[in-house]
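Just below is one structure, and these are the notes that go with it.
Where a number appears in this text, it was derived from the coordinates with a stated rule and is not lab data. Keep in mind it's a predicted model, so treat the numbers as computed, not measured. Note: ideal-geometry Cβ built from the backbone for every residue, glycine included; neighbour counts use all protein chains shown.
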């Protein structure tokens with residue numbers, strides 16, 4: 001699994017804020033395209049206190065929605081962040097899939113992304129299919145630099161070991 005393209009955008013500062021949202025299930029290709037189009041439109045129009053935000057979004061691997069704001073231009077406010085959540089809630093309703101799933105986790109197994117809930121993750125650990133070196137998707141990245149350098153972390157270094 002590769003790192004999302006947002007991690008490599010040259011015109012965004014490394015300190016740009018990143019939010020990662022997990023889909024409850026993989027999006028269909030059509031759903032992913034619809035969401036990406038809507039996300040592009042939303043980030044182009046997104047403002048905070050009547051100032052345009054330098055923002056971009058990405059539907060990644062049909063499983064994740066990432067939003068990034070370069071705050072060297074204008075800061076994302078609480079109200080603007082709420083706007084992004086409301087946008088994702090509306091898109092969840094339109095697409096018929098929860099885009100704000102908090103209890104879904106990703107890891108790399110045999111070179112492929114696997115997703116599961118807490119119980120499925122715990123089962124994989126119990127059966128030693130997930131070990132200390134298994135790469136986990138770090139949905140808690142907060143900056144563009146984190147996204148580039150810490151998107152995938154070995155289980156032994158990830159926050160996932162605290163939840164199982």
> Does anyone have the angle between helix 78-95 and the longest principal axis of the chain? Alpha-carbon axes, 0 to 90°, nearest 10?
Replying inline: 70
>> Tell me the angle of helix 29-45 to the major Cα principal axis of the chain, expressed in degrees between 0 and 90 and rounded to the nearest ten.
In response: 40
> Å³ per residue of the Cα convex hull, for the stretch 5-95?
Replying inline: 89
>> How would 2, 39 line up from fewest to most surrounding beta-carbon atoms within 10 angstrom?
In response: 2, 39
> Of the labelled options (i) 24.4, 84; (ii) 16.1, 66; (iii) 16.1, 53, which one gives Rg and Dmax of the Cα atoms in Å as computed for this structure?
Replying inline: (iii)
> Over the chain, what is the relative contact order in whole percent, taking alpha-carbon pairs under 8 Å and six or more residues apart?
Replying inline: 28
